[in-house]
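What follows is a set of notes on a single structure, which appears directly below.
The values are calculated or read from the model by the stated rules, or taken from the named source; none is laboratory data. Please read these numbers as outputs of a predicted model, since none were measured by experiment. FYI the Cβ positions are ideal-geometry reconstructions off the backbone, even for glycines, and counts take in every protein chain you see. Accessible surface areas use protein heavy atoms only, side chains included; no ligands, DNA or RNA. Shrake-Rupley method; radii C 1.70, N 1.55, O 1.52, S 1.80 Å.
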Amino acid sequence: MAYENLLITIENKTAVVTLNRPKALNALNELTLLELQGAFIDLAKDDEVQVIIITGSGEKAFVAGADIAAMRSLDALEARRFAKLGHQVMQNIEGCLKPVIAAVNGFALGGGCELALGCDMRIVSENARFGQPEVNLGVIPGFGGTQRLARLVGKGRALELILTGEMIDAAEAYRIGLANKVVAADQLLETAKAMAATIINKGPCAVQLAKQAVRNGLEMDLDRANQYESELFGLCFATADQKEGMQAFLEKRPANFTGA
Ligand code: DAK
């Protein structure tokens, strides 16, 4: 499918989705959100894809936020619709059974930070800058930032970012657990692809179930979450991957997983 604001390549079972609106620092307008939503629906069912990487085009920005020019004149109902679309996109990403890695190559502000938060892991370049500057514009984060940021880095740090609107650099993002890894800008995509390759080598069924266990379990109390984990653990034993993984270990050979 052809997109106006996205570039998608698929290689080695890894899809790289590049937000491509460099003139607006890859800001998220409605079309970009709709395209991201469509892309994730397609990638979720594409058997050639096991891991998805999201990045931004250019060297300056991952995504500089929701598109301020497009949002400026929204009325309340339009704003709610726009926020809902953003939420759906983040859910498409977070709820995708396949792991999604953000490769953050510069500014990840507002909706851009929220997009990175919707991903499972964030590998960031040394020039990355994170922030939730919505209060500077008289609004609050609208694509889940108030919720996901607090869940990832804790209430105090999330409130500091959201209430001051200040940006933090890559080192600080790493320190507070917002970034998984910080690498030189020219190593960013390679590092994300290397992480994808490591994951692709594992049992695909187990990888997907593990993502589900962590994501959904975090929203449950510990007893229920552990019970949920037990159910998913049991489900692993209905897969050929489990049989192959354990057999291969006992035969001292690499496993040949099929994802079945
Ligand atoms: N939207 C639209 N255009 C943007 C943009 C954005 N978020 N960010 C940058 N641009 C555009 C600039 O206007 C400029 O366009 P031209 O003037 O060249 O036409 C071009 O990108 C280059 O930007 P700069 O000239 O400003 O570049 P600098 O290097 O000087 O500065 C910057 C880079 C990232 C520090 C600066 O551009 C900046 O501060 N950008 C805005 C960052 C920001 O405030 N992001 C948060 C956006 S608000 C909700 C739904 C969603 C949301 C909230 C509520 N509801 C419906 C309730 C989410 C809100 C946000 O994400």
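For a test of the definition: using alpha carbon positions, the gyration tensor, and the 1.5 limit on a/c, classify segment 34-90 as rounded, prolate or oblate.
oblate
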### Query
Per residue, how much accessible area does the chain have with a 1.4 Å probe, in Å²?
52
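In the P(r) worked out for segment 1-147, what percent of Cα pairs fall beyond 23 Å?
When all Cα pairs of segment 1-147 are counted, 28 percent exceed 23 Å.
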### Task
Indicate the gyration tensor shape class of segment 181-245 (rounded, prolate or oblate), computed on the Cα atoms with a ≥ b ≥ c the square roots of the eigenvalues: a/c under 1.5 is rounded; otherwise a/b larger than b/c is prolate and the rest oblate.
oblate
### Task
Using only the Cα atoms of segment 87-143, build the gyration tensor, take square roots of its eigenvalues as a ≥ b ≥ c, and label the shape rounded, prolate or oblate: rounded if a/c is under 1.5, else prolate if a/b is larger than b/c, else oblate.
oblate
### Largest to smallest principal axis extent of the C-alpha atoms in the chain, angstrom
62, 41, 36
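Please pull out the direction-averaged projected area of segment 114-178, using the convex hull of its alpha-carbon atoms, in nm² to one decimal place.
Dividing the Cα hull surface by four gives the mean projection, 4.0 nm².
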### For Ser73, solvent-accessible area (1.4 Å; no DNA, RNA or ligand), Å²
100
#### Entry: Apportionment of accessible area to carbon and sulfur, segment 125-260, percent (1.4 Å)
57
### Query
Between segment 166-204 and segment 18-59, what is the C-alpha centre distance in whole Å?
18
### Dimensions in Å of segment 149-190 - Rg and Dmax from alpha carbons
11.8, 35
### Among the listed pairs Lys45/Lys84; Lys45/Lys98; Lys23/Lys98, those beyond 19 Å (Cα-Cα)
Lys45/Lys84; Lys23/Lys98
### Semi-axis lengths, Å, segment 130-236, gyration tensor of Cα atoms, sqrt of 5 times eigenvalues
30, 22, 10
### Net +/- balance of residues flanking Asp75 in space, Cβ distance below 15 Å, scoring K and R +1, D and E -1
+2
### Query
For segment 1-58, which whole-number percentage of the solvent-accessible area (1.4 Å probe, protein heavy atoms only) is attributable to carbon and sulfur atoms?
53
### Task
Please name whichever of Leu222, Ala83, Ala44 sits farthest to the positive end of the charge dipole of the chain, dipole taken about the Cα centre and charges placed at Cβ: Lys and Arg +1, Asp and Glu -1.
Leu222
